[in-house]
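To keep things clear, I will list the structure first and then write my remarks on it.
The values are calculated or read from the model by the stated rules, or taken from the named source; none is laboratory data. Everything numeric in this text was worked out from a predicted model, so none of it was measured. Here the Cβ positions follow ideal geometry from the backbone for every residue, glycine too, while neighbour counts run over all protein chains shown. These area figures cover heavy atoms from the full protein model, side chains too; ligands, DNA and RNA do not enter into them. Shrake-Rupley method; radii C 1.70, N 1.55, O 1.52, S 1.80 Å.
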Amino acid sequence: LRPPIPVPQTLTSLLPSSHSYRGLTLVLTFLSYTSYHLSRKPISIVKSQLHPNCSALGPNPRNDSNSSTWCSWAPFDGDNYKELFGALDNAFLVAYAIGMFISGIFGERLPLRYYLSGGMVLSGLFTALFGLGYFWDIHVLWYFIVVQVCNGLVQTTGWPAVVACVGNWFGKGKRGLIMGIWNSHTSVGNILGSLIAGTWVSSAWGLSFVVPGIIIGTVGIICFFFLVEYPEDVDCSPPLHHVMTTSEKDPEAVIPNEGPLSLSGQSSADHSNSPKEPAEEPEAISFLGALRIPGVVEFSLCLLFAKLVSYTFLYWLPLYIVNVAHFGAKEAGDLSTLFDVGGILGGIFAGLISDYTGGRATTCCVMLVVAAPMLFLYNHVGQNGIGTSIAMLIICGALVNGPYALITTAVSADLGTHESLKGNAKALSTVTAIIDGTGSIGAALGPLLAGLISPTGWNNVFYMLIAADVLACLLLARVVVKEARGWCGYMARQRGYVIT
């Protein structure tokens, strides 16, 4: 039996309806993952301060050498500073990718509220420790590497936990649109992280980490006291994770076991009238059991290549704009945020369309197909004027990040409550961790490959991104075919035909 986790009585009296609890869950999880991204962003802002152009600052005031790196922060003051910055990035990304596969397993077996809050407090600690290296005058590379590895590991607590919480409160019907809007926390966190880090980067760069660390720790404490994991914990009815009538527009309702997001034939009354008394809690799903859920492998591999493209833009787009369009560093940074703006729009659009059609995989595939030629066009004509650059960045951001956002949110929640689980919803964290963990491998590979390929020319980098986009699309081919068969079956039944 899973005893309900106690929720403060003051909160229960203030929020008597399930709608209020759903709103509270959305707000708290939005703030949580906003703070996660807020704490990840400072490293990209502070890099310029760890190895600045000292010649522009005048002569060396210490007069102890003629070095042009007198103002740099050791050990990043050598000629190999780019490799050291790359080591910092990969220390975080590799640890995050590895830890994500383990995180979901723990998330299914521990109270989500405790797991998320504890992870946020630890993330705040390690983020602040990186900044404290400035005040403690630490110049040892391994200190910063170890802090990045630890931070990457504890940050894996965030995504499985917040997706599981939202999935517990929201059924499949409008999950795509709701999660598409909710997923804008990524871009909001990146923007806020840039602004906060930029406030102290020139005066005391340590505060660029300490302040975000305090923020994420504080939000973690708030979630500990106010986040409600399950509707049953506050005597609310759980949502319907499957549409139960064949009259719905979801084409998969016709072929219940065909697609990865297929629908259950169980009556809605069995769900809506579920008992409020604690029932026997099913065991958490195993890692291999989660992999056997139809669609998990396909969407995981698709996300690997989709996230490879997205994170390559995240780390390399400002430099590309500087080198190709010859903007200044600040202008290039400001312009690159339009890619995030497009990502917000793309996530909302993908969620809305997939809700209406019932075809998550088809929506992703169509956007990926259109993204490939758009990436080609952006590389060749995207810098022909500021207006063209703005339009192409928004379009490319929408097409690249739309499928990425849909897979990591609505698709993960759908698969974590798949009908093959027979009512066991304790797969949400594990499924989410597998999908996002696989995607995080691509997030680590993309910037690394871009760094290796870029010396041969930016055209080759874009060819690599286009190839990754095509591969992401092809990996969903089997799922798209099953969704198409579902639509054909639905249309045939509407016309009175019998499908054999």
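The table that follows gives values for the structure above.
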quantity: Extended-chain gain in nm, criterion 0.36 nm per residue less alpha-carbon gap, SER203 and ARG109; calculated: 29.4 nm
quantity: In segment 119-218, chymotrypsin sites (Phe, Trp or Tyr not before Pro) in a DSSP loop with at most 15 other beta-carbon atoms within 10 Å; calculated: TRP136
quantity: Inter-centroid distance (Cα atoms) of segment 344-395 relative to segment 86-119, Å; calculated: 30 Å
quantity: Kirkwood Rh and Cα Rg combined as Rg over Rh, evaluated for segment 73-153; calculated: 1.07
quantity: Solvent-accessible area per residue, Å², over segment 298-370 with all protein chains present [probe radius 1.4 Å]; calculated: 37 Å²
quantity: Contact order normalised by residue count of segment 355-414, Cα under 8 Å, 6+ apart, percent; calculated: 43 percent
quantity: Histogram of C-alpha separations across segment 114-187, 10 Å bin width, %; calculated: 17, 35, 26, 15, 6, 1
